[in-house]
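We did not get these values from a lab; they are worked out from the coordinates using the rules stated. All figures in this text were calculated on a predicted structure; none of them were measured in a lab. Every residue, glycine among them, receives a Cβ derived from its backbone with ideal geometry; neighbour counts consider all protein chains shown.
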Amino acid sequence: MASYSQLGILIADKEEPPRHQIGAHLSEKYWVWIFDTGNEALEKLKKSQVDILISGLKLNDMSGLYFIKQAKKICPQIYAIIAISSTELSDKMEQLREIASDFITKPVNEKQLNLVLKRAVDHQQLLRKKEFYEELSILDHLTKVYNRRYLDLMLARELERAKRFSHSFSLLMIDIDNFKKYNEKNGHLAGDSLLQRFANLLMRSSRIPDSVFRYGGDEFLVLLPETSKEDAAILAHRIEAIIKEEKFKGMEAFSNKHLTSSIGLASYPEDGVSTDALLSLADQMMFKAKRQKVKKVCFAGKI
């Protein structure tokens, strides 16, 4: 869960004095961005983590209410605060309550600002805490990587993000070779231990933005955001080599004495523009790799 200093606050107001007064007061504790136009502020919202929004009723290019409505489309869980004069607040209270989470009056009183910010920060911290506990339900109980349920959600989000920003992304479908044979020779407890170590190895081998999922049984999937097919292939070969070098108990039963994996690769948009198409191709490529003794990373087309 993020600390208070990691919360992002965006301030948007046509009036310069309150805009800069609020910004100067809050920048000592939080990440703060200040704008006088709605369009620039909305572009920032698309690119950065913003938790709290403070807006006046007028910006240089649009009304504050329209701006807040657009901001909530980008960040539905943002905590919106309207900076407004006491007279305007009393006249428009009912209308504003439908849009705003809270209010501060102009001219800005720092004591009032602190109280409103405390409510906003507490609300967002509780929200993040709730999200943290919800995350516990999306982890695979054995391997502690993400489960299939969460994969469906993350893939849908990544696809939408890739379409919006014209990004590519890639999937690696990874299967442990001869896992059934390993289970038969060493027992299911040893098999569970192997799955746990294998999942941990995938997490250590992946980059910070990547996500590792247990797809089912001894199959895993790595989601690689903003990654081309060429870069994904490099990472796949690296993972394959790391797995091969790792020492696992019970491998003496196999002729090659080490664990191997089969990896299928699919990339958006060249291999498909839907999650089903990408998963299907990655699965096909994985089975193609499984039939081969040498080339254990497979993908469609050429790089």
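Between region 30-66 and region 101-115, the C-alpha centres lie 17 angstrom from each other. Sequence-distant contacts, meaning Cα pairs under 8 Å at least 6 residues apart, place the relative contact order of the chain at 13 percent. Listed peptides 163-169, 61-67, 77-83, 180-186 appear in the order 77-83, 61-67, 180-186, 163-169 once ranked by packing, highest mean of other Cβ atoms within 10 Å at the front. Diffusion coefficient of the chain by Stokes-Einstein, Kirkwood radius over Cα pairs, 25 °C, 0.890 mPa s: 110 µm²/s.
The charge dipole of region 148-299, taken about its Cα centre with unit charges on the Cβ of Lys, Arg, Asp and Glu (plus for the first two, minus for the last two), comes to roughly 400 debye. Suppose R0 equals 41 Å. What FRET efficiency, 1/(1 + (r/R0)^6) with r the Cβ-Cβ distance, do S193 and S63 give to the nearest 0.05? Computed FRET efficiency for S193 and S63 comes out at 0.10. The string of couplings for region 268-284 from the Karplus curve (6.51, -1.76, 1.60, θ = phi - 60°) is 8, x, 5, 9, x, 10, 10, 5, 5, 5, 5, 5, 5, 5, 4, 5, 4 Hz, one whole number per residue in order, with x for Gly and Pro. Based on DSSP H segments of at least four residues, each scored -39500 (n - 2.57), the chain has a per-residue ellipticity at 222 nm of -16000 deg cm²/dmol. With each label modelled as a point 7 angstrom along the Cα→C-beta vector, the K249-L127 pair spans 4.6 nm.
The N178 and M203 beta-carbon pair, evaluated with R₀ = 35 Å, returns a calculated FRET efficiency of approximately 0.95.
Distance from the Cα centroid of region 218-271 to that of region 147-192 is 11 Å (rounded to whole angstrom). Ignoring lysines fewer than eight residues from K295 along the same chain, the ones with Cα atoms less than 18 angstrom from its Cα are K229, K244.
On the beta carbon distance between Q70 and R161, with R0 = 25 Å, the FRET formula returns roughly 0.90.
Taking the charge dipole of the chain about its Cα centre, with +1 at Lys and Arg Cβ atoms and -1 at Asp and Glu Cβ atoms, the residue from V116, W31, G191 reaching farthest to the positive side is G191.
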